[in-house]
Each structure stands twice: as structure tokens, then as C-alpha cells.
Amino acid sequence: MMKRQMGLLLLLATLAILFLPAGVTSGEWRLETARQLEQRLQPFMVAESLACPDQGFDLQTNLIRFYRLRQFEPAWVDRYGLLPEGAMALAMLKQAGRQGLFDTDYHSPWLNDLLDGMITRPVIIGAAFDGKQVQLDLTITGMVLRYAYHHSRGHTEPRMIGREGPGELNPTSDLAVALVEALGRGRLEAFFEQLEPRHKAYRALRHSLPRYQRIQAAGGWGVIDEGHALTKGDCGPRVAQLRHRLILSGDIRMTSEGTADCFGGNLAAAVSSFQQRHGLSADGVAGPRTLAALNIPVAQRIRQIQLSLERWRWLPHDLGSRYVLVNIPAFQMQVVEEGRVIKTMRTIVGQQDRPTPALASVMTYLEINPYWHVPAKIAREDLLPKIQANPSYLTRQKIRVFESWAESARELDPRAIDWSSLSADYFPFRLRQEPAGRNALGRVKFMFPNEVSVYIHDTPSKGLFRKPSRPFSSGCVRVEEPLALVSLLLNRQGWDQERLAAAVASNERQIVILDEPVPVYLVYMTAWAAAPGEIHFQEDIYGHDQTLAGSLARRSVLPKACRQTLGLPTYLGGAFGKDQAL
């Protein structure tokens, strides 16, 4: 489709070149277009652009910079009509929806009129100059720059929707300069290709989007009628609905079994595959939770992919040669080296009222047999009721009490404290749990500085990892195989299994500085690619998807004044040639 559209635009542009307008020399045309471009780019003429600013991106400034670098020479048209570069740019903008962006954000309502005039007026009228060339050039430039910003950095910014973002965002490249250089070198296609994140996971997710969009265009995948759980041996129309649903999502091949309305072994395997991709217990039985997930409309799955693509754009395009990535709603950690996932393990993340934040930081050290300095909120709300119910709780848990949070604070005898006089509103003490098997942090914690004081650590509650959904912590990330993670991080520093085992068995606190700090990314992706063509979906445990979707929806419905920023004739000071409105 894209090739046909681009070919048509190129054909029309070529035909326009065959008809030379009379009465205007090439030099005169260039002087007039440069004059009009410079005139329309005066700051006082672009107040309309303030009606729909992009946070962190000033379209007006980038437009002015772009044309000044080109000495106000048009980029997409010449005196005869649309250039091949203009046709390519328009064809690329038409593909915005396939990138998880909004097509309407990169389309002027008057674009078709501008293109029609550009192609036919020199033929029919032979007009020397009417200003439409200038208007069309400005329109395309504005759309391309805005698309480039959204594709490389994101349509919105994390700080606009609360504390969901990964911290420091991608540095904003000088898009105006990059676009000028690409046009000058004939590398416009490479300019568009280099906008998107280079991560394999991003590209795999982006490649999956058109398949779900095709399912939606064909009417979706329907619903499975209400009823009892479906399992092996069942037959009937609901089984046929289940099979059809799993065929559409790619969990089972159409020819896998001959009897469409009976539940056999292949269908059970397909159900297990679906469950595994959706964070459910993979038992091969289509029970209530599985049926509810199967009946989620394809439109919602498309939205999850779009939102996850948006979040990928927030991350640095270069994550590092070795890094740790925790996908919060997937309850999963990956250790990546040279673009390859070398270790995957399950995690436990924060409860809904104590969510694990998305952030980016750098792990600089780890602690073997760490102290647990009990956070004040946990001490007040969680531990104080247990202490008041049983004062020996502190002794059994090897928790020491200090009179304050000062480093030199004096240790107190817990038996001498009137715990009944304390409350969630008044708790002046600091609690510290000693290294031991019962320590809430387990045998190791991994430290990366961040303003919310979260970290990755071990846990004595190993049984929780067997649950498919694991939002149980107070905000930190508990990891299933902490010693395996230690081995991966310290294998370049001479730590073998024997040395690590001895350090753990000593029960002595030990800090180990990483010779090579490791980037850490805590991200929130409810849709992700586990393998090529294998897309996983997870529950929106904190409601972040809903918040982000609302923000994007509000920004995609542009008011009239905002659409002027994308190239209506009133944009940049009136209409064509004589500043007449169409």
C-alpha cells in the first residue's frame, strides 16, 4: 500500500515537471519563495503555534532553524510541483499508525487541496507563482518535524502524567539540523529509519502491531459465550469459538485438529500457550480468568501495544552493552549483554498502594548479608501493630532499635519502650534488622541511586514466586535468583561460586563495588515481545495504561487552532501569495 501511494505521488510530481510555467525565471522563483518563507516565519506571525505546544519541542523554533540553514530554499517542492523528497515524506507520514502513533497528528485538513493545486495549476493556468508552493512546503516541514520528534522521543512526556516515567529522557537531537543534512546528502529514507528506538524488543513489538490492526479491520476476534470452564473432552459451539479465537491470535494453527467443536490435546496446548503469554497459570483449562482474557477486545490489545511503544521511546536509544531491565507488570527481570538476553528471572513488585516506580539508574554496588533499615512508613504501618501485639517480635526477627535516624543514634533496649504510646502518627525510632536468613532483604541487595530509595533484593518468602501475579512488595523489586544475578555481575571481578558461598555463609555484611557500573531500567510495559512473533500481554496493575491513554487521547484531538500549526492557510501569516484566506 505504501509503495503504491508513494509511486502515485512520484508519478504526479514527474508529470508536473513536464509543464513549465511561463513568465518566471528560475532565479525569480527562488527569490520570491525565499522572501515569502522568511516573511511567514517571522515570530509575530506564528502565535498560533502556542495553541498546541509539544512539551520539550518548539515547532516554531525548529521551523525557523530549518529554513535558515537552507537559506529559505523550499525542501519539498520546486517551481514545477512536488519533488520526489516531498512524495517520500508524505508516504512515510501515512505510515504513522503502523508505528503506534496517531495518523491525524501528521495531516493537514487542507493537504489534499494544496497537493491538487500544486499539481494541476501549472498545467491548467500556467501561473508563474501563487504561493501554494510556499504553503505546501511549510506544511510538509511542520508535519515531518513533529512526526520526527514524536517517533524518536515520544508523543507525550512522563512528567505530564505523574511518576510513571523512567527518569532521564532521551536527549533531544537537533531535528532541524538532522533533516537538513539528510536532504543535502540524499538520505531522507535513512533519516526516517533512524528515528525509532533501535532495541530489538521495540522493533519486534512494532512489527506485531499491523497484524492486530488487520484483525480489528476484519471485525475483531469475537467473544466466547458465557458458560462453564472448557477443558479436554468438552464439545460444542463454545469450543469452536475458543478454537477460532486462538487461531486468530496465532496460538493454534487452523489445521491442527479436524474436529472444530471438540476440545483435544492440541487445543489444550494452545490454551496453555495463550495463558503463558497473558500471565496466567498455564494449566490448559479455559477457566473464568482465561475466558475473561480471551474476551478482551482486540482494540484493547492494540492500545496496549501502542502504549508500550510510547514507553520504549522514553528510554535512551542506547541502553548500554550490559544492563538489567525489570518489566514491572510482567513480574520479570532480564539481564542483557551485547543485545542478547542472558538471564530471565521472576520478580515481585510493589502493591497497588505502594507501587514500584518506573525509573532509570545505574547499579554501582551490592551488599551481601545486608542490614534492613526499615523504612519509616513500614515501621509505623506494618511493624508497630505486630510489636504492640507481641513485644518479643523484635527479638525473634533480630531487629534492633535506635533512638533516631541520625548515624550516631544511640541503641535502645526494646523492653524499656512503652510501645502502646506510639502510633502511625508518632514513631521517632529507627529499626534495623540484622543480617540473617530471616532478614526481609534476604542475602543480597543491589543498589542504584534514585530519589525514591527503591532497590532490587533477595527475599526469604520464596513461595510467592510460584504465583502468576506478584504485586506483594512495598515498592522494591524482589528477585527470584539473587545469587545467580550476583554471579553475572561479579564474574568479571574474580568472584567464583566458592567465594560467593563463603561470603553468604559468614553472615557478615559485605559491600562489593562494581568495577563496571550496570544500567538498571524499571519499566512499565503491559505488552512486550518475548520472541519474534510472540507477544505477551499483562494486566495494568497500577492503572498506568489508563492514565497514559487518556493523556494521549486528549493530545490527539487537536482543536482548530492547533491544526493550524500543522499547515492550515492561516498558519504563518495568512494564505497563499497575497495573504488571502482560502
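The values are calculated or read from the model by the stated rules, or taken from the named source; none is laboratory data. What you see is a predicted model, and the numbers here were worked out from it, not measured in a lab. A quick note on method: Cβ atoms are made from the backbone with ideal geometry, for glycine too, and the neighbour counts reach across all protein chains shown.
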Would you check if there is a residue in the range 324-340 being more than 30 Å from L514 (Cα to Cα), of a type in the set (V, I, T) and not in a helix (DSSP H, G or I)? no
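Residues in the range 509-525: is at least one loosely packed, with under 15 Cβ neighbours inside 10 Å, among the hydrophobic types (A, V, I, L, M, F, W, C) and farther than 30 Å from I302 by Cβ? Steps first, answer last, please.
Here is the first cut: in the range 509-525, the residues loosely packed, with under 15 Cβ neighbours inside 10 Å are 509-511, 513, 515-516.
Those left that are additionally among the hydrophobic types (A, V, I, L, M, F, W, C): 511, 513.
When the remaining residues are screened for being farther than 30 Å from I302 by Cβ, the result is 511, 513.
Scanning the range 509-525, I find at least one residue that is loosely packed, with under 15 Cβ neighbours inside 10 Å, among the hydrophobic types (A, V, I, L, M, F, W, C) and farther than 30 Å from I302 by Cβ, so the answer is yes.
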Just to be sure before I move on: is R322 buried (at least 17 other Cβ atoms within 10 Å of the Cβ), under 31 Å from the mean Cα position of the chain (by Cα) and in the same structural domain as S474 (by TED's automatic domain parsing) in the structure I sent? no
Of everything in the range 49-82 that's over 30 Å from the mean Cα position of the chain (by Cα) and at pLDDT below 90, which residue is farthest from R211 (Cα to Cα)? R79
Every listed condition ((1) aromatic (F, W, Y); (2) more than 17 Å from P517 (Cα to Cα); (3) at pLDDT below 95) holds for W495 save (2)
The range 213-229, subset touching a Ser or Thr at 6+ places or on another chain (Cβ under 9 Å) and surrounded by 14 or more Cβ atoms within 10 Å (Cβ to Cβ), residue farthest from P316 (Cα to Cα): W221
Which listed residue is in a helix (DSSP H, G or I), modelled with pLDDT under 95 and surrounded by 16 or more Cβ atoms within 10 Å (Cβ to Cβ), from I252, I247: I247
Filtering the range 341-358 for residues that are in contact (Cβ under 8 Å) with a residue 60 or more places away in the chain, in a strand (DSSP E or B) and out of contact with any helix residue (DSSP H, G or I) (no Cβ under 8 Å at 6 or more places or on another chain) leaves a count of 3
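Return a yes/no flag: does the range 284-293 have any residue that is in contact with a Phe, Trp or Tyr (Cβ under 9 Å, 6 or more places away or on another chain), surrounded by fewer than 23 Cβ atoms within 10 Å (Cβ to Cβ) and at pLDDT 95 or above. Walk me through how you get there before you give the answer.
From the range 284-293, those in contact with a Phe, Trp or Tyr (Cβ under 9 Å, 6 or more places away or on another chain) are 286, 290, 293; that's our starting set.
Then keep just the ones that are surrounded by fewer than 23 Cβ atoms within 10 Å (Cβ to Cβ); that gives 293.
Subsequent filtering for residues that are at pLDDT 95 or above retains 293.
Yes, the range 284-293 has at least one match.
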Every residue from the range 496-524 that is part of a loop (DSSP other than H, G, I, E, B) and over 29 Å from the mean Cα position of the chain (by Cα): D496, S506, N507, E508, R509
Number of the exception - S361 against (1) in a strand (DSSP E or B); (2) over 20 Å from the mean Cα position of the chain (by Cα); (3) farther than 24 Å from G279 by Cβ: (2)
Being under 25 Å from G97 (Cβ atoms) and surrounded by 14 or more Cβ atoms within 10 Å (Cβ to Cβ): is that true of L309 here? yes
Out of the range 364-378, which residues are modelled with pLDDT under 95, assigned to a strand (DSSP E or B) and surrounded by fewer than 16 Cβ atoms within 10 Å (Cβ to Cβ)? H373
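Out of the residues in the range 123-144 that are assigned to a helix (DSSP H, G or I) and surrounded by fewer than 22 Cβ atoms within 10 Å (Cβ to Cβ), which is modelled with the lowest pLDDT? Walk me through how you get there before you give the answer.
Start the filter on the range 123-144 by keeping residues that are assigned to a helix (DSSP H, G or I), which leaves 123-124, 132-144.
Then keep just the ones that are surrounded by fewer than 22 Cβ atoms within 10 Å (Cβ to Cβ); that gives 123-124.
Numbers: V123: 40, I124: 37.
Checking each candidate, the answer is I124.
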Which listed residue is touching a Ser or Thr at 6+ places or on another chain (Cβ under 8 Å), over 30 Å from L522 (Cβ atoms) and either surrounded by 13 or more Cβ atoms within 10 Å (Cβ to Cβ) or modelled with pLDDT under 90 (or both), from Q388, Q351: Q388
